[in-house]
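Single-structure report; data block below.
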Protein chains: 2
Amino acid sequence: MAISRAPAAEILCSGDELTLGRVVNSNAAWLSRRLSDLGFEVVRHTTLPDVMDPYIEEMRAASRRARVVILSGGLGPTVDDLTREAAARAFGKKLVRSGEALAEIRAFFAKRGRPMAPNNERQADFPKGSKVLRNPVGTAPGFALRAGRALVAALPGVPPELRAMFDREVAPMLEKQFPGRPAVATKELETIGLAESEVDRRLSGIATPDGNPRLSLMLRDGLVTARLVARGRTSAEARRVLAPAVKKARRILGAAAFGEDGQDISDVVVAMLQKRRLKLSVAESCTGGLIGHLLTKIPGVSAVLLEDIVTYANEAKVNRLGVTAAMIRREGAVSAAVAAAMAEGSQRKSGADVAVSVTGIAGPGGGTALKPVGLVYCAVRFRNETTVKELRLPGDRVMIQSRAARLALDQVRSALAGVP
Amino acid sequence: MAISRAPAAEILCSGDELTLGRVVNSNAAWLSRRLSDLGFEVVRHTTLPDVMDPYIEEMRAASRRARVVILSGGLGPTVDDLTREAAARAFGKKLVRSGEALAEIRAFFAKRGRPMAPNNERQADFPKGSKVLRNPVGTAPGFALRAGRALVAALPGVPPELRAMFDREVAPMLEKQFPGRPAVATKELETIGLAESEVDRRLSGIATPDGNPRLSLMLRDGLVTARLVARGRTSAEARRVLAPAVKKARRILGAAAFGEDGQDISDVVVAMLQKRRLKLSVAESCTGGLIGHLLTKIPGVSAVLLEDIVTYANEAKVNRLGVTAAMIRREGAVSAAVAAAMAEGSQRKSGADVAVSVTGIAGPGGGTALKPVGLVYCAVRFRNETTVKELRLPGDRVMIQSRAARLALDQVRSALAGVP
């Protein structure tokens, strides 16, 4: 028996705040993840301003193209909240007031001791035949209706309201109404140190953008994520398709695959330090605190991180890390020798088990022919050994800082890799 | 003479990472703001997966509906980078290799001493008759072509590359090719310390979402930006409409308006330090390097920043900043006394003119009834005076760190405000 195709889903968002660029559309991404997890294939996001005619047309077009259409926004009490009327007109239904929904809206205001404006009553009007979707966290109820072969569900645009309503009302409806959809299993491998084209080349033998599993590559903070998505008639089958491909991909990528499913290199390094009960100290120059910032985003990092000394000025390198002024004069602040001395000084002064340092030229100024923008030295001092790496990084200042910080953390990972 | 209608623009993004929900589409919002500023009306965002046929169809449909179509994504070197071929097929052009673009891609790799994969050559193929758009920060060139009445411009999906290419290549082209569009003048006022609803309430008298100028509010890193957009038949007229409203808004917002047009509080603080020739040192605990990171994103900060000491462990507060162990025992590491001692120690040890410190509980763990998650102390030591502020910040760990770092920098701004 062949695996059925994933039913197509579309997301249609409305709101001038989106087309004016005042608000980034996080709802489309959130809904896409949820729908993918439920075994649907999101084939389109559309965002329109609060204008009636194109909205009606697009609702009709989406309901012809996809089996599921999620509408986001336009359920508020004001005149530019068009979704109720647009859906009624798109699908040839009358707008009727729901007594039950109206009572809930009244109760919402009464409970908070706030007066209810007359136009809030409009929020209880729905296309005839709709199922009203309850809003557990706000005033705007949603609704769902059948339009030809499609299920259309209208949710409020406020993200916490949309999320709560989708999870409580829409997801169970989708699971019930689409029993035959394929199961999906997904694994993301996070890589470091390889260009996108190189990851693509290496993995092209085990998966393709159209195959099962399907391969897609994504760039995040300069690092490449390889995502494998397998389909099957059941979850177990999807996982069986996925597992050998993931295993092969890991073998092919080797040490470049540092983690999975959204992990940052900082997560992996902190977990290694915790497991081995090792303390880390950091000494930064051109990355200016970014390594510390990445590490301290992680709850509980205080158990492994002692300090991060950002020695931006040369005096600070001397005073705080014990780099000698003579060495800085002789080798330059951006040099393998100074990187090593920074890591060694950091370890000595903090008493850490492992110390990592970065010094480099993030630009745009400060580069020379011999030491161009993008030249970075990272050093790791672990127990009595120091390793130094020279990097030549492309991109602008922010990109160079981002890559340098993550490659320095990767060097810590390498140093710890052999330690049980 | 009435102000002419704004020409319609559409944004068409492609990428599985978008329809799978792995990445939030920030490009659509950024492009929408820029296009609005240039006097275009964004009438639709569409996002599609990396699938050829619907992409071709949508390119054609968009070019019939709008005068300007911006494509984002699909210009990389891999087989799922479809934009070049899709545009050629959508508009009936042959793909031809640009020798000039190829030379630039080769130079990009050569300059960085990296080998160029054969599939990177594909990035120099464009629909015949296109103008090649240079990429100042990456390998993927873009292209622009005429399709009927529409100008279609294809940009890389990586945000810094897209932004640089739009500003340097596309914006000048749009200004030249659409001389009749209404002129627009824009000013963004960056605020700190006020909730969105409070900024809205204060400014509602001087501009509305529908008026001229038009007011819109945006949240960025927990801070509120008030954006005023005025239209006129000429740039001079638009500026004449805008100026008095901006003046009034500044007066109403007072010290809460710290900057304008995308400035971060770190930009303002660095500019103040540069102007006054003052040196800064930083001592962080719960913000973990974020203050240093915000400051060192700014080119040329080395002239004013000496060091940033992230004392995550209590021993580091003692060893690096001279806070006494007795004080930490007595007051707790998160206390007004320790914040003050950190700033004073930072100033003393670094020799800076001004020092700023932060200590707090970013969560999710570590809170108590007396010292809950979100409690943060910031101190500023300037010459011989120390000021300490207690903050109680809402949100999760990342949001607390982000707000604490920015409010600490705002405290530096206050301390320096009286100094010429």
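The values are calculated or read from the model by the stated rules, or taken from the named source; none is laboratory data. All figures in this text were calculated on a predicted structure; none of them were measured in a lab. All Cβ positions, even for glycine, are placed from backbone atoms using ideal geometry, and neighbour counts span all protein chains on display.
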Q: Could you please let me know if residue B:263 is in a helix (DSSP H, G or I), in contact (Cβ under 8 Å) with a residue 12 or more places away in the chain and more than 9 Å from chain A (Cβ to nearest Cβ)?
A: no
(Q) Considering only residues that are assigned to a loop (DSSP other than H, G, I, E, B), in contact (Cβ under 8 Å) with a residue 40 or more places away in the chain and under 21 Å from residue A:228 (Cα atoms), which ones fall in the stretch B:5-27? (A) B:15
(Q) Contact list please: Cβ distance under 6 Å, first residue in the stretch A:178-198 and free of Cβ contacts under 8 Å to residues at least 24 places away in the same chain, second residue surrounded by fewer than 20 Cβ atoms within 10 Å (Cβ to Cβ) and not in a strand (DSSP E or B), pairs at least six apart or on different chains. (A) A:197/B:117; A:197/B:119
Q: Mind listing just one residue for me: the one in the stretch B:83-98 that is out of contact with any helix residue (DSSP H, G or I) (no Cβ under 8 Å at 6 or more places or on another chain) and of a type in the set (Gly, Ala, Ser) and, of those, farthest from residue B:48 (Cα to Cα)?
A: B:92
Q: Count, please, the residues in the stretch B:286-306 that happen to be under 25 Å from the mean Cα position of the chain (by Cα) and not in a helix (DSSP H, G or I).
A: 10
Q) Looking only at the stretch B:281-300, which residues are more than 8 Å from chain A (Cβ to nearest Cβ) and more than 17 Å from residue A:308 (Cα to Cα)? A) B:298
Q: Considering each residue of the stretch B:99-130, count those that are in contact with a helix residue (DSSP H, G or I) (Cβ under 7 Å, 6 or more places away or on another chain), within 20 Å of residue B:89 (Cβ to Cβ) and not in a helix (DSSP H, G or I), and give that number.
A: 3
Q) Only one of (1) surrounded by 24 or more Cβ atoms within 10 Å (Cβ to Cβ); (2) away from chain B (no Cβ under 13 Å); (3) under 30 Å from residue B:227 (Cα atoms) is not met by residue A:81, so which one is it? A) (1)
Q: Go through (1) in the same structural domain as residue A:323 (by TED's automatic domain parsing); (2) part of a strand (DSSP E or B) and name the single condition residue A:225 misses.
A: (1)
Q) Among (1) more than 7 Å from chain A (Cβ to nearest Cβ); (2) within 30 Å of residue B:121 (Cα to Cα), where does residue B:25 come up short? A) (1)
Q) In the list A:201, A:233, which residue meets the criterion of being touching a residue at least 40 places away in the same chain (Cβ under 8 Å) and either within 19 Å of the chain's Cα centre (by Cα) or outside the structural domain of residue A:397 (by TED's automatic domain parsing) (or both)? A) A:233
Q: Give the number of residues within the stretch A:28-54 that are assigned to a helix (DSSP H, G or I), of a type in the set (A, V, I, L, M, F, W, C) and either crowded, with 20+ Cβ neighbours inside 10 Å or at the interface with chain B (Cβ under 7 Å from one of its Cβ atoms) (or both).
A: 5
Q | Wholly enclosed strands (runs of 3 or more DSSP E) of the stretch A:320-407 bearing at least 1 residues away from chain B (no Cβ under 14 Å), of a type in the set (Val, Ile, Thr) and crowded, with 20+ Cβ neighbours inside 10 Å | A | A:354-360, A:375-382
Q. Among (1) in contact (Cβ under 8 Å) with a residue 12 or more places away in the chain; (2) among the polar types (S, T, N, Q); (3) farther than 19 Å from residue B:351 by Cα, which single condition is residue B:387 missing?
A. (3)
Q. In the stretch B:260-282, what count of residues is obtained for those that are at positive phi and touching a strand residue (DSSP E or B) at 6+ places or on another chain (Cβ under 8 Å)?
A. 2
